[in-house]
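Below is one structure, written out as structure tokens; comments come after it.
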Amino acid sequence: MKSYSLELRRFKIRDVQFGNATAYANGVLTIKKSELLKAVASERLRNYSVDIARPGESVRIIPVKDVIEPRVKVESGKFFPGILAPCDCCGTGATVVLDGCNVVTTGQIVFYQEGLVDMSGPGAKYTIYSKTCNVVLSADPTDDLTHAEHEREIRMAGLKAAEYLASCVRDSKADLIETWELDSHDSSKPRIGYVYLLLAQGLLHDNYLYGNNIRTVHPCILHPNELMDGAVVSGNCVTACDKNTTYDHLNNPVLKELYERHGKELDFCGVIVSPISPVLEEKERCALGIANLCALLGLDGVIISEEGGGNPESDLMLICRRLEQEGISTVLLAHENCGKDGTAQGITIVTKEADAVVSAGNANEIITLPPMDRVIGVSSAMNQLSGALENSLKPDGSIETTYTVIMDAISNLGIMPLGVETY
């Protein structure tokens, strides 16, 4: 039987600079811009640019498409299985991680379905990406590209950039090494699984599993290491605050928490990945498939996280009701849209079986963001973002908007910097 033991070799990045060669030394990543652009070049994109945004700088990145943590397999020098790398090494072996550095892709693809990241000011505390050194990659499409082709080209450019950057430390000594493996299972502990729902609604609301659009996939079981090693890539143009970026798939805190509790409080038995379709028949098919897999694994309970909001909440409730009726306990993770004063109904549909729901917060609360000294991207995109108020962008460059436009501000995975305290 294949043994899943994943070694993450972390290199702590405290600064990123441009220079004459792409290299890493003493916490500083130096990038040769011309080599990076060569690594991501495509005949279907033009007017490439690369910028650096550091924590604390007066910088706004807008519109943001995806965030990708640079990684590469030590043995092959490749990453993102099924897309840039072979599939057979995913979840095992050694992987290099540039910890504290991200590739951020930008571009007006579906216009309203992107977001922003402020590197300082009040908006910075609502996104984890304000705490990382961000290599911001942008390019314009050629005239003949459709929105879908534009999204694919930008997605591929971001993945190639992340792989390229991580390759410079492939043979270096890491600052920290983590080993992730599910060791022996304890039959005396409750058997717990994780149901990981991924948007698969078409119209650029898509994710990719081993390079295949998740729309084509029936619910399936994955080892958690596969998710931590690049098996899922975001191709999603959806509301910024609650989309799962590629970074989120790689660093899912629910997986890490279940790993930490494995063998102590529970027996972590694996992940069930399933698409979120907009079609009721497909939702019911996936709920049945998930229930069958839970029974196959002999699970006592599951954690279920959604991606997006509104329509996906019906998937949450369908799955919750079926599993609870079959004797499998559920905990749901979801954000709310309660209106700016928090008094509206936060979730569009509920079922009585959903008696354990963790809220990621209210995406409709209003925030004022001050002007930044530098904008990477296009400020005027602000008024087109999902969740923006009418005339959100003010003449002085300040913004009045909702949390909805901030990347990962109300994350259904709980990967945002905010939390709660029990008194």
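Antiparallel beta bridges, as assigned by DSSP with both residues in the chain, represent about 45 percent of the total such bridges.
Indicate the gyration tensor shape class of the chain (rounded, prolate or oblate), computed on the Cα atoms with a ≥ b ≥ c the square roots of the eigenvalues: a/c under 1.5 is rounded; otherwise a/b larger than b/c is prolate and the rest oblate. It is oblate, given that a/c is not under 1.5 and a/b is not larger than b/c.
Mind checking the stretch 246-282 for trypsin sites (Lys or Arg not before Pro) that DSSP puts in a loop (not H, G, I, E or B) and that have at most 16 other Cβ atoms within 10 Å?
K264
Counting only lysines at least 8 places from K283 when in the same chain, those with an alpha carbon closer than 29 Å to its own are K65, K243, K256, K352. With contacts taken as Cα pairs under 8 Å and at least 6 residues apart, the chain reaches a relative contact order of 19 percent. Approximating the spin labels as points 7 Å out from Cα along Cα→Cβ, the L418-to-E35 distance works out to 4.1 nm.
Applying the Karplus relation 6.51 cos²θ - 1.76 cosθ + 1.60 with θ = phi - 60° to the stretch 388-403 yields 3J(HN,Hα) values of 6, 7, 4, 6, 4, 7, 8, x, 7, x, 6, 9, 10, 7, 9, 4 Hz, where x marks Gly and Pro. Considering only M382, M372, M407, the Gaussian network model of the chain with Cα springs below 10 Å gives its largest mean-square fluctuation to M372.
Residues whose amide H comes within less than 5 Å of that of V72, counting only those at least five positions distant or on another chain, are V96 (H built at 1.01 Å from N in the peptide plane). The charge dipole of the stretch 183-362, taken about its Cα centre with unit charges on the Cβ atoms of Lys, Arg (+1), Asp and Glu (-1) only, comes to about 140 debye.
Between the amide H of C338 and those of A363, N364, distances stay under 5 Å, these residues lying 5 or more places away or on another chain, with hydrogens modeled in the peptide plane.
Among the helices of the chain, those built from whole DSSP H runs whose Cα atoms reach 27 Å or more along their own axis and whose mean Kyte-Doolittle hydropathy is at least -1.0 are 147-167.
Beta bridges assigned by DSSP with both partners in the stretch 1-155 are antiparallel in approximately 55 percent of cases. For N26 and E260, a Förster radius of 25 Å and the Cβ-Cβ distance give a FRET efficiency of 0.25, rounded to the nearest 0.05. Karplus-derived 3J(HN,Hα) values for the stretch 53-69, using 6.51 cos²θ - 1.76 cosθ + 1.60 with θ = phi - 60°, are 10, 10, x, x, 6, 7, 9, 10, 10, 7, x, 8, 9, 8, 10, 9, 7 Hz; glycine and proline are entered as x.
With the simple model of a label 7 Å out from the Cα in the direction of the Cβ, S172 to I366 spans 4.7 nm. Across the stretch 85-102, coupling constants 3J(HN,Hα) worked out from phi with the 6.51/-1.76/1.60 Karplus curve, θ = phi - 60°, read 9, x, 7, 6, 9, 5, x, 9, x, 10, 10, 7, 10, 8, 7, x, 10, 9 Hz, and Gly and Pro carry x. Placing +1 on the Cβ of every Lys and Arg and -1 on the Cβ of every Asp and Glu, with nothing else charged, gives the chain a dipole about its Cα centre of roughly 980 debye. Hydrodynamic analysis of the stretch 264-413 uses the Kirkwood radius over alpha carbon pairs. Inserted into Stokes-Einstein at 25 °C and 0.890 mPa s, it gives a translational diffusion coefficient of 140 µm²/s.
Cβ-Cβ distance of F18 and D144, R₀ of 45 Å, FRET efficiency by 1/(1 + (r/R0)^6): the value works out to about 0.90.
Calculated mean residue ellipticity, 222 nm, the chain: -6000 deg cm²/dmol, from DSSP H runs (n ≥ 4) at -39500 (n - 2.57) each, averaged per residue and rounded to 500. In plain terms, the residue of T142, T343 with the fewest other Cβ atoms within 10 Å comes first and the most crowded comes last, giving T343, T142. Separation of the stretch 318-361 and the stretch 114-158, taken as the distance between their Cα centroids, equals 30 angstrom. Within the same chain, lysines fewer than 8 places from K394 are excluded, and of the rest, those with a Cα less than 20 Å from its Cα are K340. Think of the chain as having a plus end and a minus end, set by charges on the Cβ of Lys, Arg, Asp and Glu; of G270, F79, A124, F79 sits farthest toward the positive end of this dipole.
Taken about its Cα centre, the stretch 262-408 carries a charge dipole of roughly 160 debye when the Cβ of each Lys and Arg holds +1 and the Cβ of each Asp and Glu holds -1. Among C338, C101, sorting on how many other beta-carbon atoms sit within 10 Å of each Cβ, with the fewest leading, yields C338, C101. Please say if the stretch 81-126 is rounded, prolate or oblate, where rounded means a/c under 1.5 for a ≥ b ≥ c the square roots of the C-alpha gyration tensor eigenvalues, and otherwise the choice is prolate for a/b larger than b/c and oblate otherwise? Note, shape of the stretch 81-126 comes out oblate.
Decide, for the stretch 183-362, between rounded, prolate and oblate: order the square roots of the alpha carbon gyration tensor eigenvalues as a ≥ b ≥ c, take rounded if a/c falls under 1.5, and otherwise choose prolate if a/b is larger than b/c, else oblate. Judged from the Cα gyration tensor, the stretch 183-362 comes out rounded (a/c under 1.5).
Readers should treat all values here as calculations from the given coordinates under stated rules, not as data from a laboratory. Predicted model, so just to flag it, every value in this text is computed and none were measured. Please note: Cβ atoms are built from the backbone with ideal geometry, for glycine as well, and neighbour counts cover all protein chains shown.
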